[in-house]
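Written below as structure tokens is the structure these notes are about.
Derivation of every value follows stated rules applied to the coordinates shown; laboratory data play no part. Since the model is a prediction, treat every value here as computed from it, not as a measurement. All Cβ positions, glycine included, derive from the backbone under ideal geometry; neighbour counts span all protein chains shown.
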Amino acid sequence: MLFRSGCQFFICHGDARFLDRQYTAFGELVKGDDVLEKLANVPVRANGGEKSTPIERVAIESVSIVPAA
């Protein structure tokens with residue numbers, strides 16, 4: 001699922017029901033599970049109270065938006 005908050009986009013890996021009623025889900029991954037798995041397993045360091053800052057820069061080079069089936 002993809003969530004939008006302000007001008008940030010979140011790509012969720014695993015159960016994200018804790019975000020229900022807080023953010024709007026507007027998409028889903030239809031292929032590229034291997035890429036999502038790589039993103040989810042990037043080594044991170046603490047940034048405040050949250051461990052979410054990649055140790056090395058990570059970039060998504062392209063995204064395709066396709067109509068729902």
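Odds and ends about this structure:
- DSSP-assigned coil residues among GluC sites (Glu not before Pro) in segment 28-69, each with at most 15 further Cβ atoms within 10 Å: Glu28, Glu56, Glu61
- Extension gain for Leu29-Val66 works out to 12.3 nm (0.36 nm per residue, less the C-alpha to C-alpha distance).
- Cut-off under 5 Å, modelled amide H: who pairs with Gly27 long-range: Leu2
- Counting only trypsin sites (Lys or Arg not before Pro) that DSSP places in a loop and that have at most 15 other Cβ atoms within 10 Å, the longest clean stretch of the chain runs over 32-56.
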